[in-house]
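Visitor: My questions all concern the structure below.
Just so it is clear, none of the values below were taken in a lab; they were calculated from the coordinates. Source: prediction; values computed, not measured. Neighbour counts are summed over all protein chains in view; Cβ atoms, including those assigned to glycine, are modelled from backbone coordinates with ideal geometry.
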There are 2 protein chains.
Amino acid sequence: MEIYPSEVSPQFIDLFMNKMKFTEEEFTLILSFFRREYVPRKFFFLRAGQIAKYKAYINKASARNFTTDEKGDEHILYFSFEDWWVGDLESFYNQQPATINVQAMEDCEILCLQKDNLERLGEQIPKLKQLFIEKEKKSFFSHIQRLQEVKSLSAEDRYKKLINKHPEIFQRIPLQYIAMYLDIEPQSLSRMRKRLSCK
Amino acid sequence: MEIYPSEVSPQFIDLFMNKMKFTEEEFTLILSFFRREYVPRKFFFLRAGQIAKYKAYINKASARNFTTDEKGDEHILYFSFEDWWVGDLESFYNQQPATINVQAMEDCEILCLQKDNLERLGEQIPKLKQLFIEKEKKSFFSHIQRLQEVKSLSAEDRYKKLINKHPEIFQRIPLQYIAMYLDIEPQSLSRMRKRLSCK
DNA sequence: TTAGTGACTTAACCCAGGTTAAGAAAATTA
DNA sequence: TAATTTTCTTAACCTGGGTTAAGTCACTAA
């Protein structure tokens, strides 16, 4: 399934053409290694236990990345929206079973890159390999920040931070997912929202 | 201050000579770029707000890596023992103020590598650059696992997991630090330990 | 020897968030 | 449009861990 530049998001084009300054030829080559997949709402792009086949770019819509504990409760590590890279990198790079589930929250269009294609592309275009290393470094840093946040802030403070920094998320995804992101029950989130709105 | 092979830990030698199979000359070269620092117990190797000068290897003893929140409470992200690499990588690579404090819990001997030395070494020995990328990837994965753990386990379950996986830590470092690692008060840890020992 | 300091424990009381259960509102589907 | 399912809210009660405060134990210093 071939992908044409007209079919990818402006952010994707901006990343490769403006930020990374790849040539048209390089961009077309890069694009030819990707594969487009559609994942309808509620369907899984990756399930815990499977081996992650792709490094993936969200071209349209949103997904949630979560783990399931022994009690069956789901914990959302992070949301992914347009222009995000998703997947269980540990599973992808080490070809081991994933611990993370990736599920579409809206009908998703995803650009997928297989491991061998990634390696081939990396050899042909070293600048691209460097790009991925940098992206992963950023992802690394943001995970450390998340860890700090989860460890040092109460559920209420994390809620306030989320609604201040990303109010648009609340327009777009159900509150039950916000609760799973904050690691509280939907009832507790509801109670908290009422208490805060009274003030 | 020159460092001789006889002055570094067996793990350090094992890493470079056996695992990475560097030559004697390469190893001597690598070592010449490091600088040895002594950090007495309770002293700081890095303070939040400073810019991390070094990527560092703990040759002897242990440290705690923690953040301080607005209330002044300290949260230990992870402990570091012999054969660990420490520092605030985001601060080190982006030359921005650190958010993490690194404090010696015992009298530490640390092998330090400055950023420009790291880059020079990386150019001279590409295999070393690759080693650091791999080490950082592993560190990345372990942070994601930590995040999952903090999100999905109760304080009691995290305590049990820690004492099962690393009982030796309890022989070595004060319980108050364990409490900061679990993000509970020392009193609560004490109460919990009593409750668990009764069963 | 004793005073002082830091590490750990115990106990009483409090509160954020969990649990259970029921109901209201919104979105889907027939 | 009504029927059904999903999402969200409310309320009563419970519990794990926070808070405060006091006490014990071990180690150091004078």
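Visitor: Sorted from fewest to most neighbouring beta carbons within 10 Å, what does the list B:Cys112, A:Cys108, A:Cys198 look like?
Guide: Working: B:Cys112 17, A:Cys108 25, A:Cys198 6.
Going from least to most buried by this count: A:Cys198, B:Cys112, A:Cys108.
Visitor: Too long at a 27 Å Cα-Cα cut-off: which of A:Lys127/B:Lys137; A:Lys115/B:Lys53; A:Lys151/B:Lys137; B:Lys165/B:Lys194; A:Lys55/B:Lys60; B:Lys138/B:Lys160? Don't skip to the answer; put the middle values down first.
Guide: Numbers: A:Lys127/B:Lys137 19 Å; A:Lys115/B:Lys53 35 Å; A:Lys151/B:Lys137 22 Å; B:Lys165/B:Lys194 20 Å; A:Lys55/B:Lys60 39 Å; B:Lys138/B:Lys160 24 Å.
Too far apart for the 27 Å limit: A:Lys115/B:Lys53; A:Lys55/B:Lys60.
Visitor: Could you check the simple spin-label distance between A:Glu156 and B:Ser9, using points 7 Å along Cα→Cβ, in nm with one decimal?
Guide: Label-label distance for A:Glu156 and B:Ser9, simple model: 4.3 nm.
Visitor: List the distances, in nm and shortest first, from the label point of B:Gln50 to the matching label points in every other copy, placing each point 7 Å from Cα along the Cα-to-Cβ direction.
Guide: Distances to the matching label points in the other copies: 4.7 nm.
Visitor: Then there is this: Which distances, shortest first and in nm, link B:Ser139 to the matching position in the other copies, using label points set 7 Å out along Cα to C-beta?
Guide: Copy-to-copy label distances at B:Ser139, shortest first: 1.8 nm.
Visitor: Now for a separate question. Under a straight-distance cross-link criterion of Cα-Cα below 15 Å, which aspartates and glutamates are reachable from B:Lys129, leaving out those fewer than 8 residues away in the same chain?
Guide: Reachable aspartates and glutamates: A:Glu134, B:Glu26, B:Asp116, B:Glu119.
Visitor: Do the sum for chain A: with -39,500 (n - 2.57) for every DSSP H run of n ≥ 4, divided by all residues, what is the mean residue ellipticity at 222 nm, to the nearest 500 deg cm²/dmol? Walk me through the numbers before you get to the answer.
Guide: Values: 9 runs with 95 residues, N = 199.
After summing the helix terms and dividing by the residues of chain A, the value is -14500 deg cm²/dmol.
Visitor: Give me the dipole magnitude in Debye, nearest 20, for the range A:60-117 about the Cα centre, with unit charges on the beta carbon: positive for Lys and Arg, negative for Asp and Glu.
Guide: Numbers: 4 positive and 12 negative charges, 21 e Å.
Dipole of the range A:60-117, to the nearest 20 debye: 100 debye.
Visitor: Enter the Cα centre distance for the pair the range A:87-114 and the range B:26-51, rounded to the nearest angstrom.
Guide: 38
Visitor: Is the shape of the protein assembly as shown rounded, prolate or oblate, going by the alpha carbon gyration tensor and its root eigenvalues a ≥ b ≥ c, with a/c under 1.5 for rounded and a/b larger than b/c for prolate? Before the final figure, lay out the partial values.
Guide: On the way: a/c = 1.94, a/b = 1.10, b/c = 1.77.
The shape class here is oblate.
Visitor: Between B:Lys60 and A:Met17, with labels modelled 7 Å along Cα→Cβ, what's the label distance in nm to one decimal, could you check?
Guide: A separation of 6.0 nm, rounded to one decimal place.
Visitor: Which of A:Gln11, B:Phe141, A:Ile184 sits closest to the plus end of the dipole of the protein assembly as shown, meaning its Cα is farthest towards the positive end, when Lys and Arg get +1 and Asp and Glu get -1 on the C-beta?
Guide: A:Ile184
Visitor: Something else: On full extension of the chain, what length is gained from A:Asp116 through A:Thr28, given 0.36 nm per residue of separation minus the C-alpha to C-alpha distance? Mind showing how you got there, number by number?
Guide: Details: separation 88, 0.36 × 88 = 31.68 nm, distance 1.80 nm.
Extra length available between A:Asp116 and A:Thr28 comes to 29.9 nm.
Visitor: What nm distances, shortest first, do you get from the label point of B:Tyr38 to those in the other copies when the point sits 7 angstrom along Cα to Cβ?
Guide: Spacings between copies for this position, smallest first, are 6.9 nm.
Visitor: Kindly write out, for the range A:27-43 in residue order, the coupling ³J(HN,Hα) from the Karplus curve 6.51 cos²θ - 1.76 cosθ + 1.60 (θ = phi - 60°), rounded to whole Hz, with x marking Gly and Pro.
Guide: 4, 5, 4, 4, 4, 5, 8, 7, 10, 8, 10, 10, 10, x, 3, 6, 7
Visitor: Also, I was wondering about something else. Roughly what would the spin-label model give for A:Lys71 and B:Gln50, points 7 Å off Cα along C-beta, in nm?
Guide: It works out to 4.1 nm between the two label points.
Visitor: Between beta-carbons, use under 11 Å as the cut-off and find the net charge around B:Gln114, counting Lys and Arg +1, Asp and Glu -1. Working shown, then result.
Guide: On the way: positive: B:Arg35, B:Lys53, B:Lys55, B:Lys115, B:Arg120; negative: B:Asp116, B:Glu119.
Spelling it out: positives minus negatives among the neighbours equals +3.
Visitor: If you don't mind, there's one more thing I want to ask. Tell me, what ³J(HN,Hα) does each residue in the range B:165-173 have, in order and in whole Hz, if you take phi through Karplus 6.51 cos²θ - 1.76 cosθ + 1.60 with θ = phi - 60° and put x for Gly and Pro?
Guide: In residue order, the calculated couplings are 7, 9, x, 5, 4, 6, 7, 10, 10 Hz.
Visitor: So, one more: Using each residue's phi in the range A:126-138, evaluate 6.51 cos²θ - 1.76 cosθ + 1.60 at θ = phi - 60° and report the 3J(HN,Hα) Karplus result to the nearest Hz, with x for Gly and Pro.
Guide: x, 4, 6, 4, 4, 4, 5, 4, 5, 4, 6, 4, 4
Visitor: How large is the charge dipole for the protein assembly as shown, taken about the Cα centre, if only the Cβ atoms of Lys, Arg (+1) and Asp, Glu (-1) carry charge, to the nearest 20 debye? Kindly include the intermediate steps, with their values, before the conclusion.
Guide: Numbers: 62 positive and 58 negative charges, 289 e Å.
It comes to approximately 1380 debye.
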